[in-house]
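Coordinate-derived values only; no laboratory data. Since we're looking at a predicted model, the values are computed, not measured. So basically every Cβ, Gly included, is an ideal-geometry build from the backbone, and we count neighbours across all protein chains shown.
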Amino acid sequence: MYAFNYQKAKSVADAAAALAKNPDAKALAGGQSLIAAMKLRLAAPAAVVDLGGVAELRGIKSDGKNLVVGAMTRHSEVVFSDDVRKAIPALAHLAGEIGDRMVRNMGTLGGSIAHNDPAADYPAAVLGLGATVETNKRKIAADDFFKGLYETALEPGELITSVSFPVPKRAGYVKFKQPASRFALVGVFVADTGSGVRVAVTGAGPCVFRVPEMEKALASKFAPESVANIRIPDKGLNSDIHASAEYRAHLVTVMAKRAVQAALG
């Protein structure tokens, strides 16, 4: 690991100022991705701005229509939150499927979606529920937030402060896990929002994506058999030692069926 300067931010404004002052600085949320990259010398920020002490970035609030989760809220807090379990049980389930207990006790919602790992779970929930990502500068719709492999709409120095999830009529998330890391080889989040159906896929491609054909079929009939015969093309999907692109394409349909069944209870 290379030498770097460390600063513990006291507020969002404090953190934003520190990041603006040094273009080579990185914000540290849970550290589950950044610290690992630094240890492997894949990342070498000149400075690290720790958000762990910024209380305004943590917490969960529900008003019945929206569930707002602070960017520094730990995965484990989402798992055990009564508000989350009542409003969006599928989101609590998803958080409980992330990594292991140590990862869930350190990792954060904001850190996960800002990093935008192609196999991460939270991007599927954000996109599948049509959430709004709130930053210290603006509000970004989920459809506009995820841009590509490890790429988001965040500008330099911009910090996620919270994510607002609309409460759906029903939702489900199922993933086929890579057994060692518990990342998603393929994960599918399905949500019936009341005004339409959204289907978001993680793990299969370079970035989380929606499947309009499945959404249209489920809008007509919200049942597993509606997506049973829908096949997505494998062109452009991830292919590695764990699974080929062709296998991942097959898994999208299988996981979608299971996600719909999970949403139906």
* Structure fact -> Residues 155, 134 in order from fewest to most other beta-carbon atoms within 10 Å are 155, 134
* To do: Convert 25 °C to kelvin, take the viscosity as 0.890 mPa s, use the Kirkwood radius over C-alpha pairs of the stretch 170-264 as Rh, and evaluate the Stokes-Einstein diffusion coefficient in µm²/s, rounded to a whole number.
  => 188 µm²/s
* **Ranking of 117, 144 by count of other Cβ atoms within 10 Å, fewest first** => 144, 117
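What number, in percent, do you get for the relative contact order of the chain if the mean sequence gap of Cα pairs under 8 Å and at least 6 apart is divided by its residue count?
On the way: 614 pairs, mean separation 40.8, N = 265.
Taking the mean separation of contacting Cα pairs over the length of the chain, I get 15 percent.
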* Enumerate the lysines that residue 39 could reach by cross-link, defined here as Cα to Cα under 21 Å, with residues fewer than 8 away along the same chain left out. => 8, 26
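Starting from 0.36 nm per residue, how many nanometres of slack lie between residue 6 and residue 55 once their C-alpha separation is accounted for? Intermediate results must be reported in sequence, preceding the final value.
On the way: separation 49, 0.36 × 49 = 17.64 nm, distance 1.87 nm.
Full-extension gain reported as 15.8 nm.
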* Asked: Which residue, 31, 236, 130, tops the fluctuation ranking in a GNM of the chain built on C-alpha contacts under 10 Å?
  -> 236
* Asked: What is the P(r) of the chain, as percent of Cα-Cα pairs per 10 Å bin from 0?
  -> 7, 31, 36, 19, 6, 0
* Structure fact -> Any lysines whose Cα falls less than 27 Å from that of residue 257, other than same-chain ones fewer than 8 residues away, would be 65, 86, 147, 169, 175, 177, 216, 221, 235
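Once you keep just the Cα pairs under 8 angstrom separated by 6 or more residues, what percentage relative contact order results for the stretch 26-87?
On the way: 62 pairs, mean separation 17.3, N = 62.
Contact order relative to length: 28 percent.
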* For the stretch 107-265, state the semi-axes of the equivalent ellipsoid (square roots of 5 times the eigenvalues of the alpha-carbon gyration tensor), sorted largest first and rounded to whole angstrom. => 24, 20, 13
* **Footprinting exposure proxy for 6, 122 (fewest neighbouring C-beta atoms within 10 Å first)** => 6, 122
* **Mean-position separation - Cα centroids, the stretch 16-75 and the stretch 135-203, in angstrom** => 17 Å
* Asked: Which one of 209, 254, 53 has its Cα pushed farthest toward the positive end of the charge dipole of the chain, where Lys and Arg give +1 and Asp and Glu give -1 at the Cβ?
  -> 254
* Structure fact -> Out of 166, 89, 233, a Gaussian network model of the chain with alpha-carbon springs under 10 Å gives the largest mean-square fluctuation to 233
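Ignoring trypsin sites (Lys or Arg not before Pro) that are buried or in helix or strand per DSSP, and keeping those with at most 14 other beta carbon atoms within 10 Å, what is the longest stretch of the chain between them? It would help to have the intermediate numbers written out before the result.
On the way: sites that count: 10, 41, 65, 137, 138, 169, 221, 231, 235.
Value returned for the longest uninterrupted segment is 66-136.
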* Kirkwood Rh and Cα Rg combined as Rg/Rh, the stretch 1-55 -> 0.96
* Could you compute the FRET efficiency for residue 136 and residue 225, with r as their C-beta to C-beta distance and R0 at 35 Å, rounded to 0.05? => 0.20
